Amino acid sequence: MADLNAMPADATTTAVGERIPTVIVDDVHLIYRVYGASSGAAASPVAALKRIVTREKSRPTLREVHAVKGVSFTAYRGEAIGLIGSNGSGKSTLLRAVAGLMPATRGAIYTQGQPSLLGVNAALLGDLSGERNVTLGCLAMGMTPEQVRKVAPEIIDFSGINERGDFASLPMRTYSSGMQARLRFSISAAKKHDVLLIDEALATGDTRFRRRSEQRIRQLRADAGTVFLVSHSIGTIRDTCERSIWLESGVIRMDGPTDEVTKAYEDYMARR
Amino acid sequence: MANTAVADADSGLTRAQLAARYGLSVAGARPTLAAYVRQLWAYRHFISAYAHAKVTASFSQARLGQLWQVLTPLTNAAVYFLIFGVILNTSGEVENFIAYLCVGLFVFTFTQSVALGGVQAITSHLGLIRALHFPRAALPFAITLTQFRHLVTAIVVLVAIVLVTGEPITLEWLLVLPAMLLQTVFNVGLALALARAGSKMTDLKQVMPFVMRTWMYGSGVLYSVQNFAKHLPTWAATLVELNPLLIYIELFRHALMENAPLTSAAPRLWLLATVWALLVGIGGFVYFWRGEKEYGRG
């Protein structure tokens, strides 16, 4: 036990050559609750009253979405794993659960340290200036005010929102969707991470920004123990990941070397 | 079939045993109460920055901007004065009705806004909760702090109103500070409790405005609750007397006004105010902490 803890932080195997797990997902089920999803007759006041009178158990206005159904895998230190699958297959939900942002309904997820989810949909305040959003975002990631003061100009520079005039002091709701996404990505990429989960982040911005963000992700990957990458761009997955997991309707369809998995996935998508 | 695809060096071990062997922890597990308090303390800068941002953002679309921080409580007081002071003339029994009304209204508004914001603290920030990792209690705390800042502005307005209506400046005014502190602790607890309840019971958001209006009529904001004693049975009158908001409002009135009528003696009011603050403050915090794991699910 003791020798395991004493190993150097960047080693990917123990002294006896065993690989070190960083994320263990054990038969995990994830269920979303969605309110107000019903439409038509079920949404009328009369229907609601009838439900109360007849003591119907399931509320039609509350729907459960079984997004991930019994997924298991182990990720090791030094691995970059691509998550692929068609829209709505549960990839993003699974990442949120690994990040500890959504509780597993059944099963368990074990992680080393605190994984960070690097997404582009971190909701910030549209009424506030870009600068203020940078400060808030960094504080929410747990930085100290001194650290924030230091990295804030770098983040604004990296996002490139000031390339066409002083946009950083304008309210964020006045930004184009591309600019918003760029700023959000730049904020979440400003921190070092143990286990890094990247959700479609590479798809944001124009070609120039994409190149810059790909480079940044490679840097982050060099620091992080394990990287998960969700993307619909098979090219990106092939470039960055040696192992891939293919999710379809919340179930793992395939888990193995990227070449094999992406090939099977492409064949499957072509057949549909 | 999918499960066997992973090459496992430690075959023979279950995944849970493997996790334990390498010291992996359960993702999103609830921290201990002490650890949670420490985490929250580490996020104090986020809480204050968020509250400050909310105050700035709340009037950013209005032409008069931050002036509304002062105009909102003033307009509110004017409307209620018109109806209850002039049209219905309830002011008869109370000396200096304007000051009486404004104190009640501003102090009540503090708790009301916190309660209405608290109920939505989780549901309206699901995007943030699902994207970033931070102690969720930061949100109800930030909401309370936002409203606290509005209260401070309102108190400045209040002091002006109280002076204009002819109350003398006394040392007793300093009692406003502990009263604010106690009410804030009470409100934090309330916001935390309502945040957790509101995240599970989505109907609560619709019910809250009615609850708050009933609470207002029972808190002696617009008239003296001494009228109640004439019609109510003793147990109900006692209940009204124990109403935490009535207690906080009376403490503020006691501090700022010379001849404010009190329902109980001042020491008893202070005792009750402290008991309520501790009870709701600590109770609400523990209640919220126990649900920490669940807030991302919606």
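The values are calculated or read from the model by the stated rules, or taken from the named source; none is laboratory data. On a predicted model such as this, the values are computed, not experimentally measured, just so you know. Reconstructed Cβ throughout: ideal geometry from the backbone, glycine too, with neighbour counts over all protein chains shown. Just so you know, the surface numbers come from the protein's heavy atoms only, side chains and all, with ligands and any DNA or RNA stripped out. Shrake-Rupley method; radii C 1.70, N 1.55, O 1.52, S 1.80 Å.
Listed here are the residues, each with its yes/no results for (1) in contact with a Pro (Cβ under 9 Å, 6 or more places away or on another chain); (2) over 30 Å from residue A:78 (Cβ atoms); (3) of a type outside the set (Lys, Arg).
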| residue | (1), (2), (3) |
| --- | --- |
| A:174 | no, yes, yes |
| A:184 | no, no, no |
| A:187 | no, no, yes |
| A:198 | no, no, yes |
| A:206 | no, yes, yes |
| A:214 | no, no, yes |
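Test residue A:222 against the criterion of being more than 25 Å from residue A:96 (Cβ to Cβ) and open to solvent by 10 Å² or more (accessible area, probe 1.4 Å), and give yes or no.
Working: more than 25 Å from residue A:96 (Cβ to Cβ): no; open to solvent by 10 Å² or more (accessible area, probe 1.4 Å): yes.
Against the criterion (more than 25 Å from residue A:96 (Cβ to Cβ) and open to solvent by 10 Å² or more (accessible area, probe 1.4 Å)), residue A:222 does not qualify.
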Checked against (1) open to solvent by 60 Å² or more (accessible area, probe 1.4 Å); (2) over 22 Å from residue B:198 (Cβ atoms); (3) in contact with a helix residue (DSSP H, G or I) (Cβ under 8 Å, 6 or more places away or on another chain), residue B:105 satisfies every condition except (1)
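State all residues of the stretch B:48-64 that are open to solvent by less than 60 Å² (accessible area, probe 1.4 Å), over 18 Å from residue A:149 (Cβ atoms) and in contact (Cβ under 8 Å) with a residue 40 or more places away in the chain; if no residue qualifies, say none. Before the answer, list the steps.
Filtering the stretch B:48-64 down to residues open to solvent by less than 60 Å² (accessible area, probe 1.4 Å) leaves B:48-51, B:53, B:55-57, B:59-60, B:62.
Filter once more, so that each one left must be over 18 Å from residue A:149 (Cβ atoms): B:51, B:55-57, B:59-60, B:62.
If the condition is that a residue be open to solvent by less than 60 Å² (accessible area, probe 1.4 Å), over 18 Å from residue A:149 (Cβ atoms) and in contact (Cβ under 8 Å) with a residue 40 or more places away in the chain, then B:51, B:55 are the ones that fit.
Yes or no: residue A:230 away from every other protein chain (no Cβ under 12 Å), buried (at least 18 other Cβ atoms within 10 Å of the Cβ), modelled with pLDDT of 80 or more and within 15 Å of the chain's Cα centre (by Cα)? Steps first, answer last, please.
Values: away from every other protein chain (no Cβ under 12 Å): yes; buried (at least 18 other Cβ atoms within 10 Å of the Cβ): yes; modelled with pLDDT of 80 or more: yes; within 15 Å of the chain's Cα centre (by Cα): yes.
So residue A:230 fits the description; yes.
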Restricting attention to the stretch B:139-149, does a residue exist that is under 30 Å from residue A:200 (Cα atoms), among the aliphatic types (A, V, I, L, M) and assigned to a loop (DSSP other than H, G, I, E, B)?
-> no
Determine the pairs where a residue that is charged (D, E, K, R), located within the stretch B:242-262, has a partner that is open to solvent by less than 10 Å² (accessible area, probe 1.4 Å) with Cβ atoms under 6 Å apart, the partner being 6 or more residues away or on another chain.
-> B:250/B:269; B:253/B:103
Filtering the stretch A:254-267 down to residues that are in contact (Cβ under 8 Å) with a residue 12 or more places away in the chain and surrounded by 15 or more Cβ atoms within 10 Å (Cβ to Cβ), which residue is nearest to the other protein chains (Cβ to nearest Cβ)?
-> A:255
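Select from the stretch A:152-165 the residues that are away from chain B (no Cβ under 14 Å) and within 16 Å of residue A:192 (Cα to Cα) and write down the one among them that is least open to solvent (accessible area, probe 1.4 Å).
Here the residue is A:155.
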Given the conditions (1) free of Cβ contacts under 8 Å to residues at least 40 places away in the same chain; (2) part of a loop (DSSP other than H, G, I, E, B); (3) out of contact with any strand residue (DSSP E or B) (no Cβ under 9 Å at 6 or more places or on another chain); (4) surrounded by 20 or more Cβ atoms within 10 Å (Cβ to Cβ), every one holds for residue A:143 apart from (1)
Give the stretch B:228-261 a look and list any residue that's under 20 Å from residue B:279 (Cβ atoms) and hydroxyl-bearing (Ser, Thr, Tyr), or say none.
-> B:238, B:248
From the option list B:211, B:188, B:280, B:240, single residue qualifying as more than 25 Å from residue B:165 (Cα to Cα), part of a helix (DSSP H, G or I) and more than 15 Å from the chain's Cα centre (by Cα) is B:240
With respect to residue A:169, determine if the residue is among the hydroxyl-bearing types (Ser, Thr, Tyr), away from chain B (no Cβ under 11 Å) and open to solvent by less than 10 Å² (accessible area, probe 1.4 Å).
-> no
Restricting the first residue to the stretch A:158-170 and requiring it to be closer than 23 Å to residue A:217 by Cα and among the hydrophobic types (A, V, I, L, M, F, W, C), which pairs with a second residue that is open to solvent by 50 Å² or more (accessible area, probe 1.4 Å) and not in a loop (DSSP other than H, G, I, E, B) meet a Cβ separation below 8 Å and a spacing of at least six or different chains?
-> A:158/A:212; A:158/A:216
Look at residue A:271 and say whether it is free of Cβ contacts under 8 Å to residues at least 24 places away in the same chain and open to solvent by 60 Å² or more (accessible area, probe 1.4 Å).
-> yes
What is the number of the single condition among (1) at the interface with chain B (Cβ under 10 Å from one of its Cβ atoms); (2) in contact with a Lys or Arg (Cβ under 6 Å, 6 or more places away or on another chain) that residue A:189 does not meet?
-> (1)
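For every residue, the table says whether it meets (1) part of a helix (DSSP H, G or I); (2) open to solvent by 60 Å² or more (accessible area, probe 1.4 Å).
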position	(1), (2)
B:205	yes, yes
B:220	no, no
B:253	yes, no
B:270	yes, no
B:286	yes, no
Do you know which of the residues in the stretch B:113-130 that are surrounded by 20 or more Cβ atoms within 10 Å (Cβ to Cβ) and within 14 Å of residue B:206 (Cα to Cα) is farthest from the other protein chains (Cβ to nearest Cβ)?
-> B:115
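Could you tell me whether residue B:234 is within 14 Å of chain A (Cβ to nearest Cβ) and β-branched (Val, Ile, Thr)? Give the steps one after another, and end with the answer.
Details: within 14 Å of chain A (Cβ to nearest Cβ): no; β-branched (Val, Ile, Thr): yes.
No, not satisfied.
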Of the conditions (1) within 14 Å of another protein chain (Cβ to nearest Cβ); (2) over 18 Å from the mean Cα position of the chain (by Cα); (3) not basic (Lys, Arg), the single one that residue A:179 does not satisfy is (1)
May I ask you to list pairs of residues, at least six apart or on different chains, whose Cβ atoms are under 6 Å apart, with the first in the stretch A:88-105 being more than 7 Å from chain B (Cβ to nearest Cβ) and the second being crowded, with 23+ Cβ neighbours inside 10 Å and part of a helix (DSSP H, G or I)?
-> A:104/A:97
Return only the number of the condition from (1) at the interface with chain B (Cβ under 7 Å from one of its Cβ atoms); (2) at pLDDT 80 or above that residue A:68 does not satisfy.
-> (1)
Within the stretch B:3-26, identify whether any single residue is surrounded by 14 or more Cβ atoms within 10 Å (Cβ to Cβ), modelled with pLDDT under 75 and touching a helix residue (DSSP H, G or I) at 6+ places or on another chain (Cβ under 7 Å), and answer yes or no.
-> yes
Given the conditions (1) open to solvent by 60 Å² or more (accessible area, probe 1.4 Å); (2) part of a helix (DSSP H, G or I); (3) modelled with pLDDT under 85, and given that residue B:169 satisfies all but one, which numbered condition is not satisfied?
-> (2)
Yes or no: residue A:243 among the charged types (D, E, K, R), at pLDDT below 80 and surrounded by fewer than 23 Cβ atoms within 10 Å (Cβ to Cβ)?
-> no
